[in-house]
Amino acid sequence: MALSDVDRNLLERCLTRQPRAWEDFVDRFTGLVVHVINHSAQSRSIRLVREDFEDLASEVFLTVLREDFAILRRFRGQSSLATYLTVIARRVVVRELLARKQATSLAASHPVASAETEARIHDREEVDRLLEDLEPGEAHIVRLFHLDGLSYHEISQSTGINENSIGPLLARAREKMRRAGEAVG
């Protein structure tokens, strides 16, 4: 299937950064991304909660945004935009699911020893240092989610931030922390 005029127009609007273009893009393809997440998780027998869907969808859309829409700029129009995005979304989601599954199995397979406790203290100090590079609001949300273990709903109630804004905020904060960590390391 070839690139439709609607998608060609939407693509051009995004690449030229026209007003509301990104919002229209997200509105048009959120259902597709959620379907890819659901299918990828089910085919690997991985159970996801709502926050997982939001995090994975955010990661897909952040990948599309990365480097000034580099992925969209590489699109040659030899298929439908939906087909192209399905492939991109699947790659991102599978990579994230496998990384999460590996992290979970590694954590479960190693009992906590004193050396690991010391490493965790060092890691906590490193996390605190990275959090200092974030804006205070971002750092607070990251602490609530990753360190205090609150759900998106609980964070929303605690901070007054719209629940649907928390996943993208966390994704942006994690990206900033990743870049700060690479700069130091």
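Read-outs throughout are calculated quantities, based only on the coordinates presented, and are distinct from any laboratory measurement. Source: prediction; values computed, not measured. Counting neighbours? That spans all protein chains shown, and the Cβs are built from the backbone with ideal geometry, glycine included.
Calculate the length of the line joining the C-alpha centroid of the stretch 156-175 to that of the stretch 46-61, in whole Å.
Between the Cα centres of the stretch 156-175 and the stretch 46-61 lies a distance of 13 Å.
I need the per residue convex hull volume for the stretch 5-109, using only the alpha carbons, in cubic angstrom as a whole number.
Details: hull volume 11.2 nm³, N = 105.
Once divided by residue count, the hull of the stretch 5-109 is 107 Å³.
Kindly list the residues of the stretch 74-97 that lie in the label zone of residue 24, defined by a backbone N under 17 Å from the point 7 Å along the Cα-to-C-beta vector.
Under cut-off, by backbone N: 81-82.
Quick check for me: using +1 on Lys/Arg Cβ and -1 on Asp/Glu Cβ, what's the dipole size of the stretch 29-106 about its Cα centre, in debye to the nearest 20?
Details: 12 positive and 8 negative charges, 72 e Å.
The calculation lands at about 340 debye.
Please give me, ordered by residue number, the trypsin sites (Lys or Arg not before Pro) of the stretch 39-103 that lie in loop per DSSP and have at most 14 other Cβ atoms within 10 Å. Please report the intermediate quantities before stating the final value.
Working: sites: 44, 47, 50, 66, 73, 74, 76, 90, 91, 95, 100, 101; in loops: 44, 47, 76.
Filter output for the stretch 39-103: 44, 47, 76.
Quote to one decimal, in nm, the extra length available between residue 146 and residue 91 on full extension: 0.36 nm per residue of separation minus the C-alpha distance between them.
Numbers: separation 55, 0.36 × 55 = 19.80 nm, distance 2.47 nm.
Gain on stretching residue 146 to residue 91: 17.3 nm.
What spacing in nm lies between the two simple spin-label points modelled at residue 5 and residue 74, each 7 Å away from Cα in the Cβ direction?
3.1
May I ask you to evaluate 6.51 cos²θ - 1.76 cosθ + 1.60, the Karplus curve with θ = phi - 60°, for each residue of the stretch 62-76 and list the ³J(HN,Hα) values in order in whole Hz, giving x for glycine and proline?
Per residue, the Karplus-derived 3J(HN,Hα) values read 5, 5, 5, 6, 3, 6, 6, 6, 3, 5, 5, 5, 7, 5, 9 Hz.
Based on the Cβ-Cβ distance of residue 13 and residue 133, what FRET efficiency does E = 1/(1 + (r/R0)^6) give at R0 = 35 Å, to the nearest 0.05? Intermediate results must be reported in sequence, preceding the final value.
Values: r = 33 Å, r/R0 = 0.95.
Between residue 13 and residue 133 the formula returns 0.60.
Run the quick spin-label model on residue 47 and residue 101: label points 7 Å from Cα toward the beta carbon, then report their separation in nm to one decimal.
In this crude spin-label approximation the distance works out to 1.6 nm.
Tell me, what HN-Hα J-couplings in whole Hz come from the Karplus equation 6.51 cos²θ - 1.76 cosθ + 1.60 at θ = phi - 60° for each residue of the stretch 3-9, using x for Gly and Pro?
Per-residue couplings from phi come out as 5, 6, 4, 4, 5, 4, 5 Hz.
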